[in-house]
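Working notes, beginning with the structure itself.
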Amino acid sequence: MYGWLSISAGGLTYSFAIYETAAKKVLVPIADGSEEIESVTIIDTLVRAGAEVTVASVSPELQVTCSRGVKLVADKSIADAAGETYDAIACPGGLPGANHLRDDPTLRALLQAQNEAGRLVAAVCAAPAVVLQTHGLIAGRAATCYPADQFKSAIENYSTDPVVVSGNLVTSQGPGTSLAFALALVAELYGEEKASELKGQMLF
């Protein structure tokens, strides 16, 4: 809910709840080797919330082959997506997908600008360690990632919580926590009331 509107007429005051309906813009970058459960869960949940989600490929083609062989088709290339401003950028994990996200200079610039502006930067599974930490975007804040030593050891203030919100940074652990992660993004973008509504609809 955005706020309340009060109108007085005939000696009576009427109050109306005002709901924020403007769609939030979210970028979800994907690559060959991205984790499919995480990718689709992020996209689907945010679309259900009313967000305008742009899926951008950092691979040479719009169609990518995910870590378990599922094929996803992006809306546009990361280069074509770079001209927009996003309320959130959410990176799925998976290997070698997270490596491809890390190595893309356009996505790196987008993430750095996003963080400097204080807008949401989010990642799940391997991506917090491989993408965000590599580019200095965690910077000592509490964060989580896939609980393997190779990833945990990269994060200074590693948390065992399935989802961690640290200011404009949202991180999560893996496929099994991806719905909680996506709903946390909904809460950050649209508020707890909207996230609770979606939880009920999705039987979470």
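No value in this document is a laboratory result; all are computed from the given coordinates. All values reported here derive from a predicted model rather than from experimental measurement. Don't worry about glycine lacking a Cβ; one is built from the backbone with ideal geometry, like all the others, and counts go over all protein chains shown.
Over the Cα atoms of the chain, what is the Rg over Rh ratio if Rh follows Kirkwood? Let's see the in-between values first.
Details: Rg = 18.0 Å, Rh = 17.3 Å.
For the chain, the value is 1.04.
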Task: Crossing angle, helix 192-201 versus the chain [Cα axis fit, 0-90 degrees, rounded to tens] - done: 70
Open item on the list: Only four residue types carry charge here, +1 at the Cβ of Lys and Arg and -1 at the Cβ of Asp and Glu. Report the dipole size of the chain about the Cα centre in Debye, rounded to the nearest 20.
Closed with: 120
Task: Candidates GLU192, GLU35, GLU84, ranked by Gaussian network fluctuation over the chain, Cα under 10 Å, top entry - done: GLU84
- [ ] Under 10 Å from the Cβ of GLY94, count the other residues' Cβ atoms, weight Lys and Arg +1, Asp and Glu -1, and hand me the total.
- [x] -3
TODO: Please give the helix 36-49 orientation as an angle from the longest Cα principal axis of the chain, in degrees from 0 to 90, rounded to the nearest 10.
DONE: 10
- [ ] May I ask for the angle, rounded to the nearest 10°, between helix 178-190 and the longest principal axis of the chain, with both axes built from Cα atoms and the value confined to 0 to 90°?
- [x] 40
TODO: Determine the dipole magnitude for region 23-103: charges of +1 sit on the beta-carbon of Lys and Arg, -1 on that of Asp and Glu, nothing else is charged, the reference point is the Cα centre, and the result goes in debye to the nearest 20.
DONE: 100
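How much length would be gained if the chain were fully extended between ARG48 and ALA148, taking 0.36 nm per residue of separation minus their Cα-Cα distance, in nm to one decimal?
Numbers: separation 100, 0.36 × 100 = 36.00 nm, distance 3.14 nm.
Length gained between ARG48 and ALA148: 32.9 nm.
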